[in-house]
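Below is one structure; the comments refer to it alone.
The values are calculated or read from the model by the stated rules, or taken from the named source; none is laboratory data. The structure displayed is predicted, hence computed values, not measured ones. No Cβ is skipped: glycine too gets one built from the backbone with ideal geometry, and neighbour counts run over all protein chains shown. Note: accessible area is taken over every heavy atom of the protein model, side chains too, but ligands, DNA and RNA are not part of it. Shrake-Rupley method; radii C 1.70, N 1.55, O 1.52, S 1.80 Å.
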Amino acid sequence: LSTSDTILRRSCDASMLTQAIIDAIIDLAMPVATMYQDVIGELELDVLTDPDLKHTKSLYIATSEITTMRNFVSPIASLVHALRDHKAEPVSSAFLPDKSLKPATGIEISQMTRIYLGDVEDHCILIVQALDQMSNSAAGMIDLIFNTISAYQNESMKQLTVVTIIFLPMSFLTGYFGMNLHTFPSLDNNEGYFWSIALPVAFGVMLFLM
């Protein structure tokens, strides 16, 4: 406004001033959205290389802040859309306190302002879409973390199950041969006799269970 050769000064259009204020707000919001994209990108790299539960806290915080920013930008997009579609209507004399007064015209949006508002609306839509995409990406990464941890736990349980299957029949035979009996001819044999029975039984149980 302080410079004489700008569009705002040359046009003397109040609607252009309104457009400039909204455009300034959106221009300040775009670097913030870009910053959140960088944060989500770094978190995505960390999650893909080394998923950990500590990443979920950062993702929840980022998602909350992104939602707050979206709630800030989305009404501005609606406002810009309403201004572009606004049609000037004269004020009815019935609403004037003095009937002798001439009715004033309604709010007018110039054609040049509508063009510039279209650019502002595009920026608003791009920011909202980017924020929605970041929120979906953060939610997907949170699911990926829990699914990856569950897969690791399932693999560990599988390994423990295999070990249990191998040693369960041996434990049974150990208890059987360890009974305190006076007449038990099998105890007179050497250690190889036990393994000749334990290994086939363990192998047969593994085949049966797996």
Query raised in the report: Top to bottom by accessible area (1.4 Å), largest first, where do I21, I197 land?
Result: I21, I197
Report summary line: Note, the range 34-46: 3J(HN,Hα) by Karplus (6.51, -1.76, 1.60, θ = phi - 60°), whole Hz, Gly/Pro = x, goes 5, 4, 5, 4, 5, 5, 5, x, 5, 5, 5, 5, 5
Requested in this report: Return one number: the angle in degrees, 0 to 90 and rounded to the nearest 10, between the long axis of the Cα atoms of helix 191-209 and the longest principal axis of the Cα atoms of the chain.
Outcome: 40 degrees
Report task. Work out the FRET efficiency for T164 and Y193 from their Cβ-Cβ distance, taking R0 = 30 Å, and round it to the nearest 0.05. Result -> 0.75
Report task. Could you rank T49, T113 by how accessible they are, 1.4 Å probe, largest area first? Result -> T49, T113
Report summary line: With -39,500 (n - 2.57) per DSSP H segment of 4 or more residues and division by the full residue count of the chain, the 222 nm estimate, nearest 500 deg cm²/dmol, is -27500 deg cm²/dmol
**Report entry** Candidate residues M134, M30: accessible-area rank, largest first, probe 1.4 Å
**Finding:** M30, M134
Requested in this report: Report the extension gain between E42 and Q153 in nm, rounded to one decimal, defined as 0.36 nm multiplied by the number of residues separating them, less their alpha carbon distance.
Outcome: 37.4 nm
Report summary line: In the chain the accessible area split gives carbon plus sulfur, as whole percent at 1.4 Å, a share of 62 percent
Report task. Heads up, I need the accessible area for I166: 1.4 angstrom probe, whole protein in place, Å², nearest 10. Result -> 50 Å²
**Report entry** Long-range Cα-Cα pairs in the chain (distance over 23 Å), rounded percent
**Finding:** 71 percent
